[in-house]
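Since every read-out is calculated from the coordinates, none of them should be taken as a lab result. The shown structure was predicted, so the numbers you read here are calculated from the model rather than taken from an experiment. Here the Cβ positions follow ideal geometry from the backbone for every residue, glycine too, while neighbour counts run over all protein chains shown.
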Amino acid sequence: MASSSSNLISLKTSDGTVFKVERALAKTMKTVQAIIEEADANIYMIPIHNVFSHHMDMIIDYYKLSVAGKSKEFSVEKLDNDELKDFLLAVHYLNMEDLFEVLTQAVADRLEKKSVGYVRKYFGIENDFTPEEYAAIRKKNDWAFKGDDIEPEEDEEKQEE
Amino acid sequence: MDDHISELPDDILSYILTMLSIKDLLKTSVLSKRWRKLWGLRKHLYFDIYNVLGTEKELLEKGYLTEVTVDIVYSRTYRCVNLDLGPKEFIKRVDQFLNNFPGTAIDSFFVNFYFDCEQSNTIDRWICFAIARGVERINLLFRWWPYTANSTTQNKLYKLDFGLFTNTITNVSTLKHLRLEKCLVCHPTNCDLTPFKHLRSLSLKFVKVDEIFIESLLSNCQLLRELSLVHCEFNSSTPKIVSSSLYHLKVSGCCKVSSNNFTRFIRLMLVDCFRLTSLECCGNDLSALNTNTRVLKRINFSIYFDEIENYLNAFALCATFPELEIMRLKIYTITMDLLQVATSLKIAQPLEHLKQLDCIIYLPFDTINEECDLMMIFNILQASPLLQKLSIMIAEPKFFEKQKDIRDVEIFSHDEIKVIEFGGCVGNWFEIEFVMNILKYAHKLEQIVVSPYFREDDSSNWMFDPLWFQSGRERMIEKLQGEEVVGREKLMFI
């Protein structure tokens, strides 16, 4: 049965949940918009790979806030790095400009003004340099490593000056 | 815990890395072996005093900036850059960055720092670096702004070397956007302008330039869409702008300095650009302007009220553009009597398609002896029958000593205008007069917002006179919320 309701679009996430979203929201997803435009007849259901239902929940939250002019209230603080990465990949797949900008900025904010030790600890990055290698590459742009950046809580890897 | 962030695809990482400051970007380069090359994904390189030398607080602490008291009477201090420390350290750090940067392709390269001919070699080297990596946008902004410099010697400007812009490896010219401030641009004698043939936009500010270069550039750059010449110094006073591709043109505050050091402002004589949709220039020259465009949609000009002809000629010219929709007008009023003459003269030809008018008015300086009124706005409205949106801002508002009674315009009516923004208010009688009349005679008006905020142009900060919040706002509300005021429900006071 073709969907005759022209205001709602059906999107099926990877975990099998079907979301009925407003056409205006679907329009912000350029990938979905392209699928709609390419289809000759009214499309029944659009599958969106790599997007899970919890992603769609957040996308709908963001949409509601931005329609009300409150997009600045949207926050991804409660997501850990892995979750943020997956959400970012989903939004990238759907090609949603504004939300992509918000999420990439969120990642940049998590990296901003933190010391190297903090970033390693927080993002789970292992230091695979030898002490000599490490000292050598730091020396190449030495000025960037001075200053009061935020340090990690435990002083396990005290490599800063 | 695993390193999730570096699992993101390159194009996303590149985007995120572009949002980091230079310092944070460099820190990512030492996180691990995988991260060592990732910073090369960044496509946008931007170097300015904050990014490279530190926040304003750090600049003061380390001596890159010093506070200098200029005026003991008014305790005015300026922040001066330290010319001994600053440039050297800036260059050292940027050189370090560029020498280690692993990226092979960049989109934009911006330098915003005070440089002059002394650092020519360095700048040339940096341009080569960018061109070799296929750069599309270059900004070289060599002013001291927002700070000043305690320098007694005025060094010569950095002279742009056109030979650097040829990519010797690929021979492909990738440059699309060039923006220069405080440089010297001379027409090249030993090379042509083919490296610029893909240029889409050119912006020159505080640049010494010769017209031969402009004319040559316009004929070489068949794709040039935007040209902006602000506060530039020319060799002649009547440059010709001829282009079959230009859409936007801005010529503002340009001048010619003659041999005896006499400064004369540029008169735009010929603008032969049949695709031009947007023009910004000085209104005093509009009478002599010979334009060849039928598709102009936007015009932006300033009128200095030293001659009333300027005002009328400007509107007469605007009436010749059959598709003109948006007009932005800055009016510098010198004396009151000229303003009153303007009110009495009607604008002959209507502006048939004008939909939006933004007006910034600078009031007379003398607020004790001078008077003011805004009645000439009604003349402009009368001449714009299809106007939908009007914005008036009084720049640098002042409260006038002599408050007069409010008059009724009487013979006025407008059937289209829907939205009005009225900024820069302090509660003067003429502000109230304007609002009362517009409420009465603009029949389709939906809303008028009255606020104290104004700004000189889109890139300046909003300002306001605190008098509004002390007494002005109340004064206006009192006069405008009475029952006899027609349409008062459409009023919104900030």
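Computed from point charges on the beta carbon alone (+1 for Lys and Arg, -1 for Asp and Glu), the dipole magnitude for the stretch B:409-494 about its Cα centre is near 180 Debye. Sequentially through the stretch B:441-451, phi angles give Karplus couplings (6.51, -1.76, 1.60; θ = phi - 60°) of 10, 9, 6, 9, 4, 9, 7, 10, 9, 10, 9 Hz, Gly and Pro residues having no value and appearing as x.
For peptide B:27-38, the mean count of partner chain Cβ atoms within 10 Å of a residue's Cβ comes to 6.
Can you work out the FRET efficiency for the pair residue A:132 and residue B:89, with r the C-beta to C-beta distance and R0 = 25 Å, to the nearest 0.05? Calculated transfer efficiency: 0.35. Here's how it looks for residue B:303: its modeled amide H is under 5 Å from those of B:283, B:330, B:331, B:332, which are all 5 or more places away or on a different chain. Taking amide H positions as modeled 1.01 Å from N, with prolines and chain starts lacking one, the residues under 5 Å from residue B:110 and 5 or more places away or on another chain are B:45, B:46, B:47, B:139.
For the stretch A:1-151, DSSP calls about 60 percent of its internal beta bridges antiparallel.
Arranged by the count of other C-beta atoms within 10 angstrom, fewest first, what order do B:230, B:426, B:68 take? By the 10 Å Cβ count, ascending: B:68, B:230, B:426. Under 12 Å from a point placed 7 Å out from the Cα of residue B:312 along the Cα-to-Cβ direction: which residues of the stretch B:348-364 have their backbone N that close? Label zone hits: B:348-349. For peptide A:87-97, the mean count of partner chain Cβ atoms within 10 Å of a residue's Cβ comes to 1.
Mean partner shielding of peptide B:49-59, defined as the number of other chain Cβ atoms within 10 Å of each residue Cβ, is 1.
Remark: relative contact order (the stretch B:415-494) = 40 percent; criterion is Cα-Cα distance under 8 angstrom and separation of 6 or more residues.
Whole-percent P(r), the protein assembly as shown, all Cα pairs, 10 Å bins from 0: 3, 12, 17, 20, 23, 17, 7, 1, 0.
Each residue of the stretch B:9-23 was assigned a 3J(HN,Hα) from its phi angle through the Karplus expression (A = 6.51, B = -1.76, C = 1.60, θ = phi - 60°), giving x, 3, 5, 5, 4, 4, 5, 5, 5, 5, 7, 7, 5, 4, 5 Hz with x at Gly and Pro. Applying a threshold of 19 Å to the alpha-carbon distances of B:182/B:250; A:72/B:418; A:146/B:23; B:346/B:479; B:240/B:355; B:330/B:418 flags A:72/B:418; B:346/B:479; B:240/B:355; B:330/B:418 as lying beyond it. Placing +1 on the Cβ of every Lys and Arg and -1 on the Cβ of every Asp and Glu, with no other charges, gives the protein assembly as shown a dipole of roughly 1640 debye about its Cα centre. Karplus-derived 3J(HN,Hα) values for the stretch B:310-319, using 6.51 cos²θ - 1.76 cosθ + 1.60 with θ = phi - 60°, are 4, 5, 5, 5, 4, 5, 4, 5, 4, 5 Hz; glycine and proline are entered as x.
Ordering A:39, B:31, B:257 by the projection of their Cα atoms onto the charge dipole of the protein assembly as shown, which places +1 on the Cβ of Lys and Arg and -1 on the Cβ of Asp and Glu, puts B:257 at the extreme positive end. Mean separation of Cα pairs under 8 Å and 6 or more residues apart, divided by the residue count, gives the stretch A:1-102 a relative contact order of 29 percent. Residues B:158, B:50 in ascending order of nearby Cβ atoms (within 10 Å, fewest first): B:50, B:158. So what is the relative contact order for the stretch B:189-326, in percent, with contacts set as C-alpha pairs under 8 Å and at least six apart? Taking the mean separation of contacting Cα pairs over the length of the stretch B:189-326, I get 17 percent. Close amide H partners of residue B:250, meaning residues 5 or more places away or on another chain with modelled amide H under 5 Å apart, are B:227, B:228, B:229, B:280.
Among B:318, B:117, a tally of other beta-carbon atoms within 10 Å of each Cβ gives an order, fewest to most, of B:117, B:318. Taking the Cα of residue A:146, stepping 7 Å toward and past its beta carbon, and measuring to each backbone N in the stretch B:58-73: which are under 14 Å? Output list for this probe position: B:58-64. When shorter helices are ignored and each DSSP H run of at least 4 residues is given -39500 (n - 2.57), the per-residue value for chain B at 222 nm works out to -6500 deg cm²/dmol.
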